[in-house]
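Peer 1: Before we start, here is the structure in question, set down as structure tokens.
The values are calculated or read from the model by the stated rules, or taken from the named source; none is laboratory data. Since we're looking at a predicted model, the values are computed, not measured. Methodologically, a virtual Cβ is constructed for each residue, glycine included, from the backbone with ideal geometry; neighbour enumeration extends over all protein chains shown. Ligands, DNA and RNA are stripped out before the accessible areas are found, and what is left, the full protein with its side chains, is counted by its heavy atoms. Shrake-Rupley method; radii C 1.70, N 1.55, O 1.52, S 1.80 Å.
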Amino acid sequence: SITKLMMLSLILVSCDYHHYTTSLVLPPKPIEKGQIDVNGGIEIMPASTDEPIHAPGISVSSTFGIDHLKGINTRLFWADDVNGGLSVSLLKGEEMSKNRRIYHCPRIGTTIGGYGTGIALGYEFMFQKSFNNASFYTGIGVGVGADADDLFGDYGTALTSKFGLSIMSKENLRLSLEFNPIIQSYEGEGTAVYNSSISVGYLITKNKTSLSQ
């Protein structure tokens with residue numbers, strides 16, 4: 001159903017000035033046990049304020065396959081001398097057809113910087129379509145976050161969307177692009193922002209065969 005194709009995406013927002021990322025680069029093919037998908041790149045990250053503020057940053061992530069269509073993703077990011085962050089996501093997929101699948105992804109994350117520590121929880125659904133040498137994924141979502149030292153005080157929420165494209169090579173190398181428009185609510189003020197990224201990755205497989213085989 002359409003509801004199952006919706007993505008509820010974690011974002012790192014709080015009542016202080018934290019930059020965050022909504023990127024979650026999916027491995028280009030179905031996740032398998034023993035695989036490791038590594039990814040690193042540059043991002044433009046929004047801030048948890050009532051103004052459309054952005055900062056450049058870098059990110060590194062790894063997805064570890066724990067079973068067929070199941071994996072754990074860890075993501076580290078740093079936003080231009082402002083703050084860093086870490087998120088951990090569980091990816092659980094379901095096949096819709098040979099080249100189409102959805103992923104259910106609960107996530108927890110934190111940001112650490114000069115303005116304190118932020119923490120957030122979320123859950124996401126993503127739809128992915130694979131081709132011969134590429135993969136496209138998309139979805140929509142929500143998120144909530146707060147300051148770690150004031151979890152029951154002010155908090156932020158957001159509505160997000162995701163558009164991702166990965167182009168693969170026979171050697172398991174990958175170029176990925178993401179554009180994630182966001183509408184965030186901070187202290188009652190709604191603001192349109194975005195998170196975008198470009199990254200390169202490599203899929204390590206148990207038998208070291210290429211994605212084309």
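Peer 1: Report which label in (i) 31, 30, 16; (ii) 32, 20, 14; (iii) 29, 17, 15 holds the value of semi-axes √(5λ) of the Cα gyration tensor in Å derived from the coordinates of this structure.
Peer 2: Only one listed value fits the structure, namely (iii).
Peer 1: A follow-up question, please. Accessible area per residue for the chain in Å², computed with a 1.4 Å probe and the full protein assembly in place, what is it?
Peer 2: Computed with neighbouring chains in place, this is 46 Å² per residue.
Peer 1: Which pairs break 24 Å Cα to Cα here: Lys33/Lys162; Lys92/Lys206; Lys92/Lys170?
Peer 2: Lys33/Lys162; Lys92/Lys170, as the Cα separations exceed 24 Å there.
Peer 1: Could you tell me what percent of the accessible area of the chain is made up of carbon and sulfur, with a 1.4 Å probe and every protein chain present?
Peer 2: 64
Peer 1: Return the sequence-ordered ³J(HN,Hα) values of region 136-148 in whole Hz as given by the Karplus equation 6.51 cos²θ - 1.76 cosθ + 1.60 applied to θ = phi - 60°, using x for Gly and Pro.
Peer 2: Rounded to whole hertz, the list is 10, 9, 7, x, 10, x, 9, x, 8, x, 7, 6, 5.
Peer 1: Order 103-109, 67-73 from most to least packed using the mean count of other Cβ atoms within 10 Å.
Peer 2: 103-109, 67-73
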